[in-house]
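Trainee: Pasting in a structure now, in structure tokens, and then I'll have a few things to ask.
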Amino acid sequence: MATNSEQKRVLITGGAGFLGSHLCDRFLAEGYHVIAMDNLITGDLANIEHLFGKESFEFHHADVSKFVFVPGKLDYILHFASPASPIDYLKIPIQTLKVGSLGTHNLLGLARVKGARMLIASTSEVYGDPEIHPQVEEYFGNVNPVGPRGCYDEAKRFQEAITMAYHNHHGLETRIVRIFNTYGPRMRLNDGRVLPAFLSQALRGENLTVFGDGSQTRSFCYVDDLVEGIYRLLLSDYALPVNIGNPDEITIKEFGEEIAKLMNVEFKPTYQELPQNDPMKRKPDITKAREILGWEPKVDRAEGLRRTLEYFKEHVQVAAAGQVN
Ligand code: NAD
């Protein structure tokens, strides 16, 4: 692979996933050599097919929980490999725990050997069903380790702990981003999360499925904003966790009404029982991101949903023709 020695090299695990693929795009646009690594367990090569053939891009098909090897120098590692939606991690709980624990350990080892800075994708789920609102980074969380979501939440909490241990004990350069619900093109239509579920149900003319009474809240961040926050955090000198998300909070019922209005259909909800340990409130306090990174979200929900809808329209049609999902 032709790379010049000046060019910075970044390894992005989970590079064929929703967020990882957008990160690949961003780092290539910034002039980096990008190595995407993925075992495709929840990802899709379609997300990065536009990058194949580019001189500064390579793809490694590998399971980071087993063993990680990358030839040549590495300046940065972004560890984004992990099932991320409940539908996925409930199906593959052991792999989820392994990629957060063994995978992170393998990558921290690689970062040490290469002298690379490592950023991990943590999550608002480390706060569990939060007792304080909005969530600040100092909050320790309210997680049920043996509940159905424990495999994901505890994998991420362990991931943060081992990353801080490498930072404190080995002096490794590390960064921790706590990502709140993010959306945009390349989300899977059927990943079970509320935003793709509502959009694809509305596109198919179906009722929208609302869990519980719909009074639980979420705060949705558009993917380009998230990527900007991650980019700034990586290049900052701040090693403690930073929330990146959009604090514009909405109840699920209001969100359903908003989607119905956007798509010019009547809001007809079908209510289903709330899943166990589902967080009732979710809103990031982004004071740290504002102060340390000079970051705040720029894309409002109306604009973000319009951009996402374009992508979903194409994919719902393809799915209807039996080609995907
Ligand atoms: P995704 O499922 O689209 O992407 C994850 C990618 O990781 C997939 O391509 C999958 O194949 C790959 N992967 C999983 N296990 C692997 C392994 N053992 N080895 C190699 N590759 C593996 O999910 P996403 O939404 O893009 O999430 C990416 C990261 O961001 C995850 O770590 C997730 O926990 C975190 N995160 C996402 C959100 C969000 O709103 N999307 C919120 C909080 C945190």
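Trainee: Report the paramagnetic label zone for MET164: residues of the stretch 253-287 whose backbone N is under 18 Å from a point 7 Å from Cα along the Cα-to-Cβ axis.
Mentor: 285
Trainee: For a 28 Å ceiling on Cα separation, which of these pairs sit above it: LYS98/LYS253; LYS156/LYS281; LYS66/LYS156; LYS114/LYS298; LYS114/LYS283?
Mentor: Beyond 28 Å: LYS98/LYS253; LYS114/LYS298; LYS114/LYS283.
Trainee: Once label points are set 7 Å from the Cα along Cα→Cβ at both ALA46 and ASP213, what is their separation, rounded to one decimal in nm?
Mentor: Result: 3.9 nm between the two label points.
Trainee: Taking a ≥ b ≥ c as the square roots of the eigenvalues of the Cα gyration tensor of the stretch 126-255, is the shape rounded (a/c under 1.5), prolate (a/b larger than b/c) or oblate?
Mentor: Because a/c hits 1.5 or more and a/b exceeds b/c, the stretch 126-255 counts as prolate.
Trainee: Given the options ILE35, ILE94, ILE286, state which has the largest fluctuation in a GNM of the chain using a 10 Å cut-off (strictly under) for Cα springs.
Mentor: Its mean-square fluctuation being the largest, the pick is ILE94.
Trainee: List ASP25, ASP213 from most exposed to least, where exposure is judged by having the fewest other Cβ atoms within 10 Å.
Mentor: Taking fewest neighbouring Cβ atoms as first place, the list is ASP213, ASP25.
Trainee: Please build a GNM for the chain, connecting alpha carbons under 10 Å apart, and tell me which residue among GLY20, GLY103, GLY147 fluctuates the most.
Mentor: Comparing GLY20, GLY103, GLY147 in the GNM, the peak value goes to GLY147.
Trainee: Treat the count of other C-beta atoms within 10 Å as a stand-in for reagent exposure and order VAL68, VAL113 from fewest to most.
Mentor: Placing the least packed residue first, the sequence is VAL113, VAL68.
Trainee: Let me ask another. In degrees between 0 and 90, to the nearest 10, how far off the longest principal axis of the chain does helix 150-170 point, with axes built from Cα atoms?
Mentor: 30
Trainee: On C-alpha positions alone, give me the angle between the axis of helix 252-262 and the longest principal axis of the chain, in degrees, nearest 10.
Mentor: 80
Trainee: Name the most mobile residue of GLY15, GLY294, GLY141, meaning the one with the largest mean-square fluctuation, in a Gaussian network model of the chain with Cα contacts below 10 Å.
Mentor: Sorting by GNM fluctuation, first place goes to GLY294.
Trainee: Could you work out how far apart the two model spin labels at GLU131 and HIS61 are, taking each label as a point 7 Å from the Cα in the direction of the beta carbon, and quote it in nm?
Mentor: 4.8
Trainee: Need one number: % antiparallel among DSSP beta bridges in the stretch 125-257, to the nearest 5.
Mentor: Taking every DSSP beta bridge with both residues in the stretch 125-257, the antiparallel ones total about 35 percent.
Trainee: For the stretch 132-192, state what percent of all Cα-Cα pairs lands in each successive 10 Å bin, counting from 0 Å until the bin that includes the largest distance.
Mentor: Calculated P(r), rounded to whole percents: 16, 37, 37, 10, 0.
Trainee: Continuing with this model, one more query. Extension gain GLU258-GLU206, at 0.36 nm per residue separation less the Cα-Cα distance, in nm? Walk me through the intermediate numbers first.
Mentor: Details: separation 52, 0.36 × 52 = 18.72 nm, distance 1.55 nm.
In short, 17.2 nm is gained.
Trainee: Something else: Along each of its three principal axes, how wide is the spread of alpha-carbon positions in the stretch 77-187, in whole angstrom units, largest first?
Mentor: If we take the Cα atoms of the stretch 77-187, the spans are 36, 32, 30 Å.
Trainee: Using the 10 angstrom Cβ neighbour count as an exposure proxy, how do SER56, SER236, SER21, SER5 rank, fewest first?
Mentor: Ascending Cβ contact count within 10 Å gives the list SER5, SER236, SER56, SER21.
Trainee: Ok, one more. Taking the DSSP beta bridges in the stretch 179-325 as the whole, what percent of them are antiparallel, to the nearest 5?
Mentor: 30
Trainee: Related question: Using the 2.2 N^0.38 Å rule of thumb for compact globular proteins, work out how the chain stacks up: its C-alpha Rg over that value, please.
Mentor: Compactness ratio reported: 0.97.
Trainee: Could I ask something else about it? When averaged across all projection directions, what area in nm² does the alpha-carbon convex hull of the stretch 54-122 cover?
Mentor: Numbers: hull surface 21.3 nm².
Averaged projected hull area, Cα only: 5.3 nm².
Trainee: Note down, for the stretch 3-97, the three equivalent ellipsoid semi-axes (square root of 5 times each alpha carbon gyration tensor eigenvalue), biggest first, whole angstrom. Working shown, then result.
Mentor: On the way: eigenvalues 116, 40, 21 Å².
Each semi-axis is √(5λ); the values are 24, 14, 10 Å.
Trainee: Stretched out fully, how many nm does the piece from ASN277 to ILE87 gain, at 0.36 nm a residue minus the Cα gap?
Mentor: Gain on extension, ASN277 to ILE87, equals 67.0 nm.
Trainee: What do you get for the angle between helix 223-235 and the principal long axis of the chain? Use alpha-carbon atoms, 0 to 90 degrees, nearest ten.
Mentor: The helix 223-235 is inclined about 30 degrees to the chain.
Each value in this text was obtained by applying a stated rule to the coordinates, not by laboratory testing. Quick caveat, the model's predicted, so the values are computed rather than measured. As a convention, Cβ positions derive from the backbone with ideal geometry for all residues, glycine included, and neighbour counts pool all protein chains shown.
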